[in-house]
Amino acid sequence: MILQFIQTNQINSSDDSFRVTFSPKLEELKNSIKSVGVINPITLRHTQEGTYQLVTGYKRFLACQELNRQTIPALIYEPHDLSPMQAFLYNLHDNIFTRTLNVIEKFNVCLKLIKVYAVSEEEVVRQYLPLMGEEPSYKILHQYLALEQLIDSMRSHVIETGMALSSANRIAEFSPSTQMSLLSVLKHVDPSTSKLNELLTLIREIAARDGTSVEEILQRYQLLTIVADPSVAAPEKVQALRQTLRSVRLPHLTERQHQLTSLIQGLQLPDSAKLIADPYFEDPKLKLEYQFSRPDELNTLITKLQEAFDKQQWQQIFEWYRV
Amino acid sequence: MKSNPQFDQVWIDRGALLYPATQFIREKLIGVPADVVDDVKFLKHPRDPALAKRQLVLTTNKGVAFKPCQGICEGVVCCGYFTIDIASGCPCDCTYCILQHYLSNNPLTLIYVNIEEILGAVQKHLEANAGHHFRIGTGELSDSLAYDHITNYSKTIVPFFAEQKNATFEFKTKTANIDNLLGLRHNGRTVVSWSLNPQGIIASEEKGSVSLLERLEAAKRCIGAGYRVGFHFDPMINFTGWEDAYQGVVEELFKHVQPAAIAWISLGSLRFPPQLKNVAEKRFPSTKIFTGEFVPTNGKVRYFRPIREEMYSKMRGWIKSHAPQITPYLCMETQAVIERYDSL
Ligand code: SF4
């Protein structure tokens, strides 16, 4: 192993055999290099063909390239001193002990270990998942491996939004063109993991039930229009998306919830009174909640309840509820 | 070596070696590799459940093999059924099968070879509760008859129940594996039941089971041997055109079977623990049965109540139009739905 300054154009930048890093942020590093240069040398592997493969230091190398620096300090291994598997492990450990890998980087690690370095699934589960801070579980390994189906722009979106593995995994089930369509909606919202998973499940199930494409669903229910409105805040967009999709996915339940809402409104109860029903209409019991601090407030409620009785509205609610 | 249609490997628990059933089953599975193991708990299984179930473990059931039906949970009404575990795992592969989730940590097929000990425990329980009549079945962790051709257990079970005064035994199946039953003395104490669904659902969602017509033909043969038969429209699936499809099944049923031979008919709609859906959708990506209008209730997922009630009330009407004396009962339904069922 020798240390030397090497021309950046001698390094084969397209060879990403040992690379774990995905979509790095380089601004801070570039500023640092501009002011003090590259402090830690990168590691290279000299190949039999005479080129140099990057082992560690992708970000430093990319930053130097963007800064048009001609040379970079590098520790150079000859091929017989560093096998490809060792080189990959150098890179992995170099990254793992300095930062937390993102979802796509963990996917890269799993995929390369299995497909390039022929490590068994069992060993990846037992040894490498815990190394990356994951449970030693086949289910998790398969969730990572499934991310191979994600298109590049979706992978970037996953990183930018800090999307959870479970959501990325759901998206990976869609075809590349569907992922593109989904991306056009998702880039306008930033739902929590549970909300995003719910939205994705709703979309997938509606498409499966109706035997139609996701693109058709997005168009038919104008989901892009809902999320693209700049005057609406992101959480409200998520709420509107959810409501629209739930009403399509669960039409009978939604219809019934609307009917109940209008029946309750017809009672004209005081504002703080709440008539609560089982959201799924399984339990036939209704619950009335009311807060009051003065006798006249209680009297208001009693009067309204009585008026509703006189107009047969309670009768109507109970009869409707039984159907 | 001739391959076996059901099994690739037999594991014999050392503690099960001396039971006659072990020897009998081994002889039925000649040609299938068999190995003795000290403790079957430590057997590794293939991760693909379809491959795992092709490995048979012959062992003993030392736990409580006779118990109230486990389907019971809070807010759900059980029909007072008892179950005997004589096997665990099933050669059929129904999309909705709860065993995919329930046995996910133990997907190998198990046959308990200590059948006499298990029936001994049943006998004690029946004697200790002589004033009570029990309905007992074996179809909770397996199909009741799927392995009968290699165990011959029906030849022990049916005569056993023929002698009991306070129990009715039920085989619940989606097979036509009834040859063993036909010559047995059952004394009217055994009912043979089939789960029924439209042929389209059987073909797409009940892989490895026999067709509707084969089930009904098998029922006819059992009736010919003096058995009463039962039918379970369970799980009913709500899909576009379900009414015509299920009405068609009811018509087909009564073309084959006289109402007088029917001991009972039950109705139940598709329900499942939430975790099942993911497992099943991964294994059966083309299934659509989980896209119905489901809501969470009592720890399970069920069709929205008005949908279930409509299915039950229409089915009851179609059944009663052929057999006014039969009122189908509801299986594993909520208290509220059962209470309303009479007035639907
Ligand atoms: S027949 Fe019963 S036990 Fe067998 S796979 Fe189907 S549902 Fe499961």
Backbone HN-Hα couplings from phi across region B:85-97 [Karplus 6.51/-1.76/1.60, Hz, Gly and Pro as x]: 8, 10, 7, 9, x, 8, x, 6, 9, 6, 3, 8, 4
Give me the summed buried accessible area for the A-B pair, 1.4 Å probe, to the nearest 100 Å². 1800 Å²
Most mobile of B:Thr327, B:Thr240, B:Thr297 per a Gaussian network model of chain B (Cα springs, under 10 Å)? B:Thr240
Net charge near A:Leu62: determine it from the other residues with C-beta under 14 Å of the C-beta of A:Leu62, scoring Lys and Arg +1 and Asp and Glu -1. +1
Please give the FRET efficiency for B:Ala261 paired with A:Glu173, using the beta carbon to beta carbon distance and R0 = 51 Å, rounded to the nearest 0.05. 0.60
With bins 10 Å wide starting at 0, give me the P(r) of region A:1-93 over every alpha carbon pair, in whole percents. 17, 53, 27, 3
Would you look at the GNM of chain B, springs on alpha carbons closer than 10 Å, and say which of B:Gly299, B:Gly268, B:Gly226 moves the most? B:Gly299
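Rounded to the nearest 500, what is the 222 nm mean residue ellipticity of chain B from helices alone, with -39500 (n - 2.57) per DSSP H run of 4+ residues and division by all residues? Walk me through the numbers before you get to the answer.
Values: 12 runs with 114 residues, N = 344.
My calculation for chain B gives -9500 deg cm²/dmol from helical runs alone.
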Threshold 10 Å², region A:232-277 residues less accessible with all protein chains present than alone (1.4 Å probe): A:Arg249, A:Leu250, A:His252, A:Leu253, A:Arg256
With all protein chains present, the protein assembly as shown has a carbon and sulfur share of its accessible area (1.4 Å probe) in percent of 52 percent
For region B:287-344, take the convex hull of the Cα atoms, compute a quarter of its surface area, and give me that in nm², please. 4.8 nm²
Let's see if you can work this out: charge +1 on each Lys and Arg Cβ, -1 on each Asp and Glu Cβ, no other charges. What is the dipole magnitude of chain B about its Cα centre, in debye to the nearest 20? 60 debye
Whole number in Å², please: accessible area per residue of region B:211-344, 1.4 Å probe, ligands, DNA and RNA not counted. 39 Å²
Using a simple charge model, +1 on the beta-carbon of Lys and Arg, -1 on the beta-carbon of Asp and Glu, nothing else, what dipole does the protein assembly as shown show about its Cα centre, in debye to the nearest 20? 520 debye
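Before rounding to the nearest 500, sum -39500 (n - 2.57) across all DSSP H runs of length at least 4 in chain A and divide by the residue total; then give [θ] at 222 nm in deg cm²/dmol. Don't jump to the answer; show the numbers that get you there.
Values: 15 runs with 168 residues, N = 323.
The helix contribution divided over chain A gives -16000 deg cm²/dmol.
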Most fluctuating of A:Thr51, A:Thr178, A:Thr193 in the GNM of chain A (C-alpha, under 10 Å) is A:Thr51
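Fully extended, how many nm does the chain gain between B:Leu213 and B:His45 (0.36 nm per residue separation, minus their Cα-Cα distance)?
On the way: separation 168, 0.36 × 168 = 60.48 nm, distance 3.55 nm.
Length gained between B:Leu213 and B:His45: 56.9 nm.
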Under the 7 Å Cα-to-Cβ spin-label approximation, A:His80 and B:Gln23 lie apart by a distance in nanometres of 6.8 nm
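Considering every Cα-Cα pair within region A:265-322, what fraction, in whole percent, is farther apart than 12 Å? List each step's numbers first, then the result.
On the way: 1147 of 1653 pairs.
I get 69 percent for the Cα pairs in region A:265-322 exceeding 12 Å.
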Tell me the net charge near A:Arg19. Cut-off is 12 Å between Cβ atoms, A:Arg19 excluded, with +1 for each Lys or Arg and -1 for each Asp or Glu. -2
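With the convex hull built on the Cα atoms of region B:160-300, state its orientation-averaged projected area in nm².
Numbers: hull surface 40.0 nm².
Directional mean of the projected Cα hull area for region B:160-300 stands at 10.0 nm².
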Residues of region A:59-88 with backbone N under 13 Å of the label point set 7 Å from the Cα of A:Ser35 along Cα→Cβ are none
Helix axis angle, B:115-128 relative to chain B longest principal axis, alpha carbon, degrees: 50 degrees
Reduced to Cα centres, the span from region A:32-108 to region A:234-307 in Å works out to 61 Å
If you take all C-alpha pairs in the protein assembly as shown, what percent of them are over 38 Å apart? 53 percent
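For a quick check of your reading of the filter: which trypsin sites (Lys or Arg not before Pro) in region A:137-225 sit in a DSSP loop and have no more than 14 other Cβ atoms within 10 Å?
Hits after loop and neighbour filter: A:Lys187.
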Inter-label distance, nm, simple model (7 Å from Cα along the C-beta direction), A:Ser192/B:Asn152: 6.2 nm
Could you give the accessible area per residue of region A:265-322, probe 1.4 Å, as a whole number in Å²? 71 Å²
Residues in region A:235-276 that a label on A:Leu286 would reach, taking backbone N under 18 Å of a point 7 Å out along Cα→Cβ: A:255-276
Probe 1.4 Å, accessible area per residue of region B:1-40, Å²: 62 Å²
With no solvent term and unit scatterers on the alpha-carbon positions of region A:178-236, Debye gives log₁₀ I(q)/I(0) at q = 0.12, 0.17 Å⁻¹ of -0.27, -0.55
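Output needed for region A:150-249: three equivalent-ellipsoid semi-axes, defined as square roots of 5 times the C-alpha gyration tensor eigenvalues, in descending order, whole Å. Let's see the in-between values first.
Numbers: eigenvalues 65, 58, 31 Å².
The three semi-axes for region A:150-249 are 18, 17, 12 Å.
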State the extension gain, in nm to one decimal, for the chain segment bounded by A:Ser166 and A:Ser247, taking 0.36 nm per residue of separation less the distance between their alpha-carbons. 26.7 nm
Using the Cα gyration tensor of chain A, the equivalent ellipsoid's semi-axes, largest first and to the nearest Å, work out to 59, 21, 19
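The values are calculated or read from the model by the stated rules, or taken from the named source; none is laboratory data. Keep in mind it's a predicted model, so treat the numbers as computed, not measured. Positions of Cβ are backbone-derived with ideal geometry, glycine not excepted, and every protein chain shown enters the neighbour counts. In case anyone asks, the SASA skips ligands and DNA or RNA and just uses the protein heavy atoms, side chains included. Shrake-Rupley method; radii C 1.70, N 1.55, O 1.52, S 1.80 Å.
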